[in-house]
Amino acid sequence: MLLDLHEIINIPGGCVPFEYEPDFSGLSFESVKAIRPGAKAAGRVENHAGMLVLTAELDVMLDCICARCLKEFERPVRQHVEAVLAADCESTDDPDIFPLDGDYIDVDEVVTTAFVLNMDQRFLCREDCKGLCEKCGKNLNDGPCECKAEIDPRLAVLGQLLEKE
């Protein structure tokens, strides 16, 4: 989505609002099974004493796979996006500064970049997820499995002392 900023480039205090549905269908992440359609990005570009700043809120619904128990679950994600827009930014490697194309900014590029950079590396179905048993693969959130804990052979002698009591 190209946003025309010619009205505010030279007017401190000027503001251009925007709202649209970004398309994240081409993105993939390790712990994300799918990014649901219908993501929403709403925000504005403001001129702060000659510096253009884009701020937005991004709402996305993800279908995730738990990194511990492999259960599928849905996770709403809300991200705050803030970026500086510059007419000439070839001299910086700052990922928060985006170049203007004349009087226009590609809002989709800014929002997609912020989404990717702020995405969690892994997701858990719940904070206290117990995961899967290493031996039988049972989901330990559903209850304990029947596997016996292996005793380290170096400590087996100590285990025999406990059995005598």
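The values are calculated or read from the model by the stated rules, or taken from the named source; none is laboratory data. As the structure is a prediction and not an experimental result, all values here were calculated from the model. Positions of Cβ are backbone-derived with ideal geometry, glycine not excepted, and every protein chain shown enters the neighbour counts. Side chains included, ligands, DNA and RNA excluded: accessible areas come from the protein's heavy atoms. Shrake-Rupley method; radii C 1.70, N 1.55, O 1.52, S 1.80 Å.
Details
- Relative intensity, log₁₀ I(q)/I(0), of region 4-90 from a Debye sum that treats every alpha carbon as a point, q = 0.22 Å⁻¹: -1.01
- Here region 22-141 has 47 percent of its accessible surface on carbon and sulfur atoms, given a 1.4 Å probe and all protein chains in place.
- In sequence order, calculated HN-Hα J values of region 44-56 (Karplus, 6.51, -1.76, 1.60; Hz; x Gly/Pro): 7, 10, 10, 9, 9, 6, x, 9, 8, 10, 9, 10, 7
- Per-residue HN-Hα couplings for region 9-20 [Karplus 6.51, -1.76, 1.60; θ = phi - 60°; Hz; x = Gly/Pro]: 4, 10, 10, x, x, x, 9, 10, x, 8, 7, 7
- For residue 55, the solvent-accessible surface computed with a 1.4 Å probe is close to 30 Å², ligands and nucleic acids excluded.
- Alpha-carbon Debye profile of the chain, log10 I(q)/I(0) at 0.09, 0.15 Å⁻¹: -0.49, -0.87
- Candidates per trypsin sites (Lys or Arg not before Pro) in region 115-165, loop by DSSP, up to 12 other Cβ within 10 Å: 126, 135, 148
- Lysine-lysine proximity count for region 22-145, Cα under 13 Å, sequence distance 8 or more or distinct chains: 4
- When nucleic acids and ligands are ignored and a 1.4 Å probe is applied, residue 57 ends up with an accessible area of around 60 Å².
- Entry comment: accessible area of region 1-85 is 56 Å² per residue, from protein heavy atoms only and a probe of 1.4 Å.
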